[in-house]
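Engineer: Would you mind keeping the following structure in view while I ask a few things?
The values are calculated or read from the model by the stated rules, or taken from the named source; none is laboratory data. Just so you know, these numbers come straight off a predicted model, no measurement behind them. We place every Cβ from the backbone using ideal geometry, glycine too, and count neighbours over all the protein chains shown.
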Amino acid sequence: MTKVSLREKMYGCLVGAHVGSAMGAAVEGWSYQEIEEKYGTLEQLLPYHHYNNGWIREPGTTEDGIERQKLMITAIIEKQDRVGAEDVRQIWLRDIKPISAGKVSEPFEATLLAMAKSGIPARDLGKYCDYAGLNSFSRSCHPIGLINAGDEQGAVADVMEVGQLYQTSNSRGLKWACVTAVAIAAAAKPKATVDTVLGSIFDYCDKDQVVKEIDRELKRTQSCQDFRELRAAFDSVYSGCGIPYAFSSANEVVTKAVCIFRMVGGNLKDAMVAAVNMGRDVDCITAVSSGISGALTGADSVPKEWIGQTDYATSINVYTNSQRTIREHADGLYQAYIARYEKIKKVYEGMAI
């Protein structure tokens, strides 16, 4: 594997999340049979609409999960360090635009924002979300993994802290979000491989529910050679319907993402294309699988026009929380990581024994 710098790993992670989310959003909620019938293999950015609000989005437009991510990135950039729930809540109050409600956020997020304005502790906000097992944080916590690059324990601690903005402490959703953040923190290491990333998931994440399910599905799908085989293999396991967010359970999305990451060997473009064509909550599956893959191998495999179109769509999006380019987001996180590193180094130098 070609050596990839930490700066490029951070960029690759966010390219995977942003471009992948934008590509998957056009077919979010579709079955893989519907995707196959219309596109064969979907491998392009398309216009789309959400929430039946009449806004046809420019190809490359990201969605609600990336908006959550942008708020965390801003908090990290401004603090130049790891952040807590209160840090991110302050960015919510300042940067979420009133006109964005129902455009780039889920309905339950309007309730959480209203509660955030009330002044109650930030860690209490997630108690007022009905969806303890939803993937709302597991598909957006990439910045938590990146600011904790190389520190899986720190990633877990920060997921359990910041994640309480969206879900209750120690909920299923947060346990599964730890997988995303741990995998990204592990993938960012200089000598990381697919196997070391999987090893970190097994070492640092919940053993009773999370690791058990991931291990089961990695073993069950180990013979799958492409995404068509993989998605068919999941049919008998993940087929929920008939309830709100039926295809957006964190365990389904994250498990599929980890299996995709393993199958493609961490190649970012391959992960993106495989995930986009999986069916069900494809923008979230893509955000997770591609985020982990990009953190391992960088963004070189992704066509530059995909990245350019995503940046352009952001530049004309009046509802977004931030119009920074993907590179600007990534470099902001990188500089925050360096600042954090320098502070830690000074502490250790002062405590030399």
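Engineer: Being assigned to a helix (DSSP H, G or I) and β-branched (Val, Ile, Thr) is the filter here, so list the residues in the range 237-287 that pass it.
Structural biologist: 253, 254, 255, 258, 260, 264, 273, 276, 282, 285, 286
Engineer: Still on this structure: Please state which one of 144, 76 is under 15 Å from the mean Cα position of the chain (by Cα), crowded, with 19+ Cβ neighbours inside 10 Å, touching a residue at least 40 places away in the same chain (Cβ under 8 Å) and part of a helix (DSSP H, G or I).
Structural biologist: Step by step, each of 144, 76 is checked, and only 144 is under 15 Å from the mean Cα position of the chain (by Cα), crowded, with 19+ Cβ neighbours inside 10 Å, touching a residue at least 40 places away in the same chain (Cβ under 8 Å) and part of a helix (DSSP H, G or I).
Engineer: Residue under question is residue 208, and the condition is that it be more than 15 Å from the chain's Cα centre (by Cα), without any contact (Cβ under 8 Å) to a residue 12 or more places away in the chain and over 30 Å from residue 169 (Cβ atoms); does it hold?
Structural biologist: No; evaluated as a whole, the condition is false for this residue.
Engineer: Please work out which residue is surrounded by the most Cβ atoms within 10 Å (Cβ to Cβ), limiting yourself to the range 1-46 and to residues that are modelled with pLDDT of 95 or more, among the β-branched types (Val, Ile, Thr) and in a loop (DSSP other than H, G, I, E, B).
Structural biologist: Top of the filtered list is 27.
Engineer: If residue 123 meets every condition in (1) in a helix (DSSP H, G or I); (2) basic (Lys, Arg); (3) closer than 17 Å to residue 255 by Cβ apart from one, which number is that one?
Structural biologist: Only one criterion is unmet by residue 123, namely (3).
Engineer: Within the range 306-321, can one find any residue that is part of a helix (DSSP H, G or I) and touching a strand residue (DSSP E or B) at 6+ places or on another chain (Cβ under 8 Å)?
Structural biologist: yes
Engineer: Return the pairs, sorted by first residue and then second, in which the second residue is of a type outside the set (Phe, Trp, Tyr) and not in a helix (DSSP H, G or I), the first residue lies in the range 327-353 and is at negative phi and crowded, with 16+ Cβ neighbours inside 10 Å, the beta carbons are less than 7 Å apart, and the residues are 6+ apart or on different chains.
Structural biologist: Final answer for the pair search is 336/80; 336/81; 337/149; 340/80; 340/81; 340/82.
Engineer: Quickly run through the range 102-111 and pick out the residues that are in a loop (DSSP other than H, G, I, E, B) and in contact with an Asp or Glu (Cβ under 8 Å, 6 or more places away or on another chain).
Structural biologist: 104, 105, 106
Engineer: Hey, another quick one. Only one residue in 69, 90 is under 27 Å from residue 336 (Cβ atoms), under 20 Å from the mean Cα position of the chain (by Cα), in a helix (DSSP H, G or I) and not small (Gly, Ala, Ser), so which one is that?
Structural biologist: 69
Engineer: Continuing with this model, one more query. Read through the list (1) within 18 Å of residue 148 (Cβ to Cβ); (2) modelled with pLDDT under 95, then give the number of the only condition that residue 49 fails.
Structural biologist: Exception for residue 49: condition (1).
Engineer: On to the next question. How many of the residues making up the range 126-141 are assigned to a helix (DSSP H, G or I) and either surrounded by fewer than 23 Cβ atoms within 10 Å (Cβ to Cβ) or within 15 Å of the chain's Cα centre (by Cα) (or both)?
Structural biologist: Count: 2.
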